[in-house]
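Asks: Mind having a look at this structure? Questions to follow.
Here, each number is a calculation from the coordinates, and none is a lab measurement. This is a predicted model, so every value here is computed, not measured. Ideal geometry is used to build each Cβ from the backbone, glycine not excepted, and the neighbour counts take in all protein chains shown.
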Amino acid sequence: MYLEYYGLREAPFSITPDPRYVFLSDRHRDALAHLLYGVGKGGSGGFVQLTGEVGTGKTTLSRLLLEQLPENTQVALLLNPRLSPVEMIETVCEELKLDVSGKRGSLKALTDALNTYLLDAYAQGLRVVLIVDEAQNLSLDAMEQIRLLTNLETPTQKLLQIILLGQPELRDMLNRPELRQLAQRITARYHLTPLDAGESEAYVKHRMAVAGCQRVPFSRLGLRALYQRSGGIPRLINVVADRALMAGYAREQQSIGERLVDRSADETLPGHARYWLRRAGRWLIAAALAVLLVLAGGWLLNRNAGPVPPPAATAGQPATKPQTDGVQKLESLIARPPETELFAFTQLMSRWQVESGETSVLAATRCPTSIASGLYCLRGNASLEQLLRFDRPLILVLNTSKTPAFVVLEGAGTKLVRIGMAGDAIELPRQRLAEFWSGDFIAIWRVPQKISGSLIVGDAGPAIGWAKQRLNALDGGAGGDTGPAYFDLAMQERVRKLQLSYGIQADGIIGPETLFALSALDESGPHLSRNVE
């Protein structure tokens, strides 16, 4: 209902673990590194344990892990651990696509079939991983059976790697004396904690950007209230933020502040009465202090009676507060760097309407020449004037005293340039950009899927036909070029002219930079905003 009102393509705060919306705080990065480390150890046979409060992102991390596993990895994902040992082994065999007909109900027959499969996988160079979600719900018998699965081995190699995901109760469970053998086999442990205030704000802005929002409707106080009421737990942020957007739409409020967030939290979160009692207590103390200050102020005025100084503003001209300019705003954002790289890539890929099935944001951050079929990436260095010729949004890599900051070039005018950083739109003078940026950029763009690799003289086919169509948009079909889709010397000369016009090395070869220039001649896709001074 509120999507169109806030300029969204889809609901940004769904509680389903969509990899497109993944936000990696430092703790989430560390947790993912532990999971990948556990899988990478392969034959060590140790367990990997990841715990965290409900809603902190364990399941989302497991989905992200599945996207990053090596191709030679087979995975069994156990989502419902409330099973008997026999049912659990049956489920593992079914996840690995084993034929268990005639073996159901027999723990020995199922374990033998699993052992045969693991030996065969080992012979083929495959790695097998079992991921158990909500592992705190495992019975003691099932937990012991999982431990016994790690006994499936060759003389030199463990055949199964096991990852346990669970709530904090899992840690207490593994401290029991009867499970000490399993606890001793855990080689990597990590406890996932909630987001802090800065991460919570960046999380909200990240999800809004992925959903297509150009301006985050939550005010600073609204974002702070989201953190306070959710405790930094991502799932609770989603629940409250979704309700707040609905309430803002119903009240036709473009800006969602603290009061609306609090009301939304009252309606969706348990235990809000105690929260309001605590707040009421603080309000009473604040009110009492205010009364004392007023009384003290009146006493001081009476004591120091004298002429009242005139206001600074002249009649009919209300006093105005100086506004922070774009440079100061950018400096303040860089001083507390959020997940700017992931956010910038997410925002740029969203502008190009990259679907989750095409590639992941993490894969895009590595910027291979071809991210996916028809989706290209380019890292380079250029002046602002050169980049503006392409008329495409792209990522600028800013210089900071710490790690680089990533912003999206959104538009430019004769005086100002507009960039997007962590959900904030910033306008600053073009000459001041050089204080933060030395020319490094990252571009992502689409071309038809028929194009693969560089194009040179002698090539033919649909890719050459597409390139000629783009060149026609530049020079109107110089030389009456209506011939077949063949890269001849005449086309090479046209390519050189294109390269010169875009400040690219004029070698007559259609490589990544020239491909980006050809794509810029297409009216489809995102372009830089010209609504800038």
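Asks: Could you sort out which of K103/K158; K205/K415; K58/K450 sit more than 30 Å apart by Cα distance in this structure?
Replies: Over 30 Å Cα-Cα: K58/K450.
Asks: Which trypsin sites (Lys or Arg not before Pro) does the stretch 42-149 hold that lie in a coil by DSSP with at most 11 other beta carbons within 10 Å?
Replies: Passing both the DSSP loop test and the Cβ count: R82, K97.
Asks: Rounded to the nearest angstrom and ordered from largest down, what semi-axes does the equivalent ellipsoid of the stretch 409-533 get from its C-alpha gyration tensor (root of 5λ)?
Replies: 33, 14, 14
Asks: Just to be sure I follow: if Rg is taken over the C-alpha atoms of the stretch 168-242 and Rh is the Kirkwood radius over the same atoms, what is Rg/Rh?
Replies: 1.22
Asks: So which GluC sites (Glu not before Pro) in the stretch 217-270 pass both tests, a DSSP loop state and at most 10 other Cβ atoms within 10 Å of the Cβ? Kindly include the intermediate steps, with their values, before the conclusion.
Replies: Details: sites: E252, E258, E267; in loops: E252.
For GluC sites (Glu not before Pro) across the stretch 217-270 that sit outside H, G, I, E and B with at most 10 neighbouring Cβ atoms in 10 Å, the list reads E252.
Asks: Take the alpha carbon gyration tensor of the stretch 30-168, find the square roots of its eigenvalues, order them as a ≥ b ≥ c, and report rounded if a/c is under 1.5; if not, report prolate when a/b exceeds b/c, else oblate.
Replies: Cα axes put the stretch 30-168 in the oblate bin.
Asks: Report the Cα-based extents of the stretch 197-273 along its three principal axes, largest first, to the nearest Å.
Replies: The principal-axis extents, from largest down, are 35, 28, 18 Å.
Asks: Quick one: plug the Kirkwood hydrodynamic radius of the stretch 338-446 (C-alpha pairs) into Stokes-Einstein at 37 °C, 0.692 mPa s, and report D in µm²/s. Present the calculation step by step, with values, prior to reporting the outcome.
Replies: Working: Rh = 14.1 Å.
Here the translational diffusion coefficient equals 232 µm²/s.
Asks: Still on this model: For R530, R432, what ranking results if the residue with the fewest other Cβ atoms within 10 Å of its Cβ goes first?
Replies: In increasing order of surrounding Cβ atoms, one gets R530, R432.
Asks: A further question follows. Got a sec? Which residues in the stretch 516-533 would a label at A490 touch, if it sits 7 Å along Cα→Cβ and we count backbone N under 11 Å?
Replies: Within reach of a label on A490: no residues.
Asks: For labels at D120 and S454 in the simple 7 Å Cα→Cβ model, what's the distance in nm?
Replies: Placing both labels 7 Å along Cα→Cβ, they lie 4.6 nm apart.
Asks: Still on this structure, please answer the following. Stretched out fully, how many nm does the piece from D507 to E144 gain, at 0.36 nm a residue minus the Cα gap?
Replies: Full-extension gain reported as 124.0 nm.
Asks: Using a 10 Å cut-off around each Cβ, can you sort M173, M1 from fewest to most neighbouring Cβ atoms?
Replies: M1, M173
Asks: Further question on the same structure: When E199, E53 are ordered from fewest to most other Cβ atoms inside 10 Å of their Cβ, what list results?
Replies: Placing the least packed residue first, the sequence is E53, E199.
Asks: Given points 7 Å out from each Cα along the Cα-Cβ axis, report the A434 to N80 separation in nanometres with one decimal.
Replies: 6.6
Asks: Now for a different question. For the stretch 462-510, what number results from the quotient of the Cα radius of gyration and 2.2 N^0.38 Å? Mind dumping the intermediate values first?
Replies: On the way: Rg = 10.0 Å, N = 49, 2.2 N^0.38 = 9.7 Å.
Relative to the 2.2 N^0.38 Å estimate, the stretch 462-510 comes out at 1.03.
Asks: About the Cα centre of the stretch 26-192, how large is the charge dipole given +1 on each Lys and Arg Cβ and -1 on each Asp and Glu Cβ? Please answer in debye to the nearest 20.
Replies: Dipole magnitude for the stretch 26-192 comes out near 360 debye.
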